[in-house]
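Structure record follows, encoded as structure tokens.
The values are calculated or read from the model by the stated rules, or taken from the named source; none is laboratory data. Keep in mind it's a predicted model, so treat the numbers as computed, not measured. Note that each Cβ is placed from the backbone with ideal geometry, even for glycine, and that neighbours are counted across all protein chains shown. Heads up: the accessible areas ignore ligands, DNA and RNA and are worked out on the full protein's heavy atoms, side chains in. Shrake-Rupley method; radii C 1.70, N 1.55, O 1.52, S 1.80 Å.
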Amino acid sequence: MNHFLDLHRTDPASLRAMLDQAAAMKAARAGRPRGAPDDTAPLDGRIVALVFEKPSTRTRVSFDVGIRQMGGQSLVLSGAEMQLGHGETIADTARVLSRYVDAIMIRTFEEATLLELAEHADVPVINGLTNRSHPCQIMADLLTFEEHRGPIAGRRVVWSGDGNNVCASFLHAAGRLGFDLTFTGPEELDPDPEFIEMARAEGATVTIARDPAAAIAGADLVVTDTWVSMHDSQTTKERRHRLLRPYQVNAALMAAAPEALFMHCLPAHRGEEVTDAVMDGRQSVVFDEAENRLHAQKAILRWCLGV
Ligand code: CP
């Protein structure tokens, strides 16, 4: 049994194996209707709880569809409607769910909730996003990059904007899979220094740059995300927008990296962190990226369950 809690908590060989399996499983079902089962049914007889304490479109639908394609069943649960949201401890919730289901995916606020759930669960726990990281998203992003451009190792990724939880998982991936990451954004919103040091200690070059055009020049991949994350207070919105406006990914900025792909985990706020011209432009692979949540997570589930 393996928990999938974060990329820096997962060994590089396992990450590589999951990415390769995701690509193979995607290729094997090319052209099939979405609801058609895979050739094999590795989740036959398995049931997975999908617990959401925050909203979701992609994570919810891609996990649910992926489980069905692999012959399993899913239960989508709202944290607010569970006893978890009304005082039952995380540890007791973990013990109870472990008696009913074969794996638990959770989207929650605090990383501590995820870790406590994993500590007390007898079944694999998957991180579907916390305030601190979003590893399933980055597995999909890596899969997407490699299907368009080949191996990610040795490439240069530029993150423009807020050094948030998705950026954190990119830093974890840079260390594990050997690519360089440049963060360009305002100092106040720099990524967690602990994660920068972690990536550097594993051999990745991590650069902090304040000039977005200079940072993006020569990039293989440009990534951004919403300026106000789900866990950020709306009272900071105006200030964050003011700080982040110079880091909007627009056509003028992308012109500095004409060969780069553009990614965004979505949902995008068009006209804020990214313009329509970039979202819908030739460099954008955002909908491949969204699709690849499905394929990447199917491989993650198989790795967690050892099937
Ligand atoms: N990117 C992502 O996690 O999307 P959802 O919030 O819709 O799940």
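General observations
- Within region 137-162, being within 28 Å of Leu243 (Cα to Cα) and crowded, with 24+ Cβ neighbours inside 10 Å holds for Gln137, Ile138, Asp141, Val157, Val158, Trp159, Ser160, Gly161, Asp162.
- Some residue of region 56-75 being surrounded by 14 or more Cβ atoms within 10 Å (Cβ to Cβ), assigned to a strand (DSSP E or B) and among the polar types (S, T, N, Q): yes
- Qualifying position, being over 20 Å from Phe4 (Cβ atoms), open to solvent by 10 Å² or more (accessible area, probe 1.4 Å), part of a helix (DSSP H, G or I) and away from the ligand (no atom under 16 Å from the Cβ), among Asp39, Asp92, Asp44: Asp92
- Of all residues in region 242-276 being part of a helix (DSSP H, G or I) and surrounded by 14 or more Cβ atoms within 10 Å (Cβ to Cβ), the one that is farthest from the ligand (Cβ to nearest atom): Pro246
- Taking each residue of region 104-123 that is farther than 18 Å from Met82 by Cα and looking for partners that are open to solvent by 10 Å² or more (accessible area, probe 1.4 Å) and of a type in the set (S, T, N, Q) with beta-carbon atoms closer than 9 Å, six or more apart or interchain, yields Glu111/Asn131; Asp122/Ser98; Val123/Ser98.
- Region 220-236 - residue that is farther than 15 Å from Pro191 by Cα and open to solvent by 10 Å² or more (accessible area, probe 1.4 Å) and, of those, farthest from the chain's Cα centre (by Cα): Thr235
- Every condition in (1) small (Gly, Ala, Ser); (2) in a loop (DSSP other than H, G, I, E, B); (3) surrounded by 15 or more Cβ atoms within 10 Å (Cβ to Cβ); (4) modelled with pLDDT of 95 or more holds for Ala296 except the one numbered (2).
- Residue in region 120-134 that is part of a helix (DSSP H, G or I), touching a helix residue (DSSP H, G or I) at 6+ places or on another chain (Cβ under 9 Å) and more than 16 Å from the ligand (Cβ to nearest atom) present: yes
- First in region 29-42 and aliphatic (A, V, I, L, M), second anywhere and surrounded by 10 or more Cβ atoms within 10 Å (Cβ to Cβ) and assigned to a loop (DSSP other than H, G, I, E, B), Cβ under 6 Å, 6 or more apart: Ala41/Gly71
- Scanning region 143-165 for residues that are closer than 30 Å to Gly45 by Cβ, touching a Lys or Arg at 6+ places or on another chain (Cβ under 9 Å) and either modelled with pLDDT of 95 or more or aliphatic (A, V, I, L, M) (or both) turns up at least one hit.
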